[in-house]
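K.L.:
Okay, handing you the structure first.
The values are calculated or read from the model by the stated rules, or taken from the named source; none is laboratory data. Predicted, not measured: the structure shown is a model, and the values here were computed from it. Because the Cβ atoms are built from the backbone with ideal geometry, glycine has one as well, and the counts that use them run over all protein chains shown.
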Amino acid sequence: MDGILRPFPGGSVGRCLIVEDDRRVASLHRAFLEAEGIQVVYVAQGFREALEALESLRDLDLVLLDLYLPDGHGLDLLPKLLGIYTIVITAAKDVPTVERALLGGAMDYLVKPFSRGRFQEALVRFRAFVSLNTKREVSQQDLDRILARRRFDKGFDPLTREEVLKVLSASGKPVTAEDVAKALGISRVTAWRYLERLCQEGVLEVRTSYGQPGRPSRIYQLKGSQDNLGSR
């Protein structure tokens, strides 16, 4: 890759190749990526077709790679994907396959079926990796933020936490779990878990609003924000 960030609708970056033999699944992935501002330049439905696409396409940033292809195994494509961020998406969950994928250069590994929120997490990591291209050097903090997911509590991803905080910063006003879920494309329950965790960390303030009978809402804002929590 040339390291140049290419903007697409939604303020995101990326040119993606999807390698997936199931047309319905490929269509779902394509719709999700394009909604995120990532341009899908080609969908390959087999091993040979993917090889031909990799020979002809230039400036790819991302590959979604299925493993069980009708004419070959997706892992055999990994040597051709050096320098391209690759997310393996497969039903395979045996240890040798997972190990070979990760040691072979895959950035992330999603086991079918997976949630939209987990797909979102993978794209958050992809954006974080791409953002390193804007820097001449990286700090240990940069690397830990992207790579050290295990240092965070089980079920909580540091990059998703960061995206939740970005939503609060950009909003400029108190938000609900529904607001965050809609902004990030994750479930309301997932958004609520991260917001509550940030409250426990002392990063956010929260209050309960009783705007509708029987349906109280918890409203969150960054601690120290000048906006009044009681305004919503």
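K.L.:
For the range 10-40, name all the residues that are among the aliphatic types (A, V, I, L, M) and either crowded, with 17+ Cβ neighbours inside 10 Å or under 20 Å from residue 131 (Cα atoms) (or both).
P.N.:
Correct list: 13, 17, 18, 19, 26, 33, 35, 38, 40.
K.L.:
Got a sec? Which strands (runs of 3 or more DSSP E) wholly within the range 20-116 have at least 1 residues that are touching a residue at least 24 places away in the same chain (Cβ under 8 Å) and of a type in the set (A, V, I, L, M)?
P.N.:
Of the strands (runs of 3 or more DSSP E) lying wholly inside the range 20-116, those with at least 1 residues that are touching a residue at least 24 places away in the same chain (Cβ under 8 Å) and of a type in the set (A, V, I, L, M) span 39-44, 62-65, 85-90.
K.L.:
Sticking with this one: Are any of the residues in the range 48-71 under 15 Å from residue 109 (Cα atoms) and β-branched (Val, Ile, Thr)?
P.N.:
The answer is yes, given that some residue of the range 48-71 is under 15 Å from residue 109 (Cα atoms) and β-branched (Val, Ile, Thr).
K.L.:
Can you confirm whether residue 114 is touching a helix residue (DSSP H, G or I) at 6+ places or on another chain (Cβ under 8 Å) and modelled with pLDDT under 90?
P.N.:
So residue 114 does not fit the description; no.
K.L.:
Follow-up. Among the residues of the range 150-163, which ones are in a helix (DSSP H, G or I), surrounded by fewer than 16 Cβ atoms within 10 Å (Cβ to Cβ) and modelled with pLDDT under 80?
P.N.:
Residues satisfying the conditions are 150, 151.
K.L.:
Looking only at the range 93-120, which residues are among the acidic types (Asp, Glu) and crowded, with 17+ Cβ neighbours inside 10 Å?
P.N.:
Within the range 93-120, 108 is the sole residue that qualifies.
K.L.:
Sticking with this one: Is there a residue being at pLDDT 90 or above, assigned to a loop (DSSP other than H, G, I, E, B) and surrounded by 10 or more Cβ atoms within 10 Å (Cβ to Cβ) anywhere in the range 194-214?
P.N.:
no
K.L.:
What single numbered condition from (1) modelled with pLDDT of 90 or more; (2) in contact with a Gly (Cβ under 8 Å, 6 or more places away or on another chain) fails to hold for residue 82?
P.N.:
That leaves (1) as the condition not met.
K.L.:
Another question, if that's okay. In the list 173, 166, which residue meets the criterion of being farther than 21 Å from residue 125 by Cβ and at pLDDT 85 or above?
P.N.:
173
K.L.:
Right, residue 123: part of a helix (DSSP H, G or I), surrounded by 14 or more Cβ atoms within 10 Å (Cβ to Cβ) and modelled with pLDDT of 80 or more or not?
P.N.:
Spelling it out, residue 123 is indeed part of a helix (DSSP H, G or I), surrounded by 14 or more Cβ atoms within 10 Å (Cβ to Cβ) and modelled with pLDDT of 80 or more.
K.L.:
Which numbered condition trips up residue 67, out of (1) under 19 Å from residue 116 (Cα atoms); (2) touching a His at 6+ places or on another chain (Cβ under 7 Å)?
P.N.:
(1)
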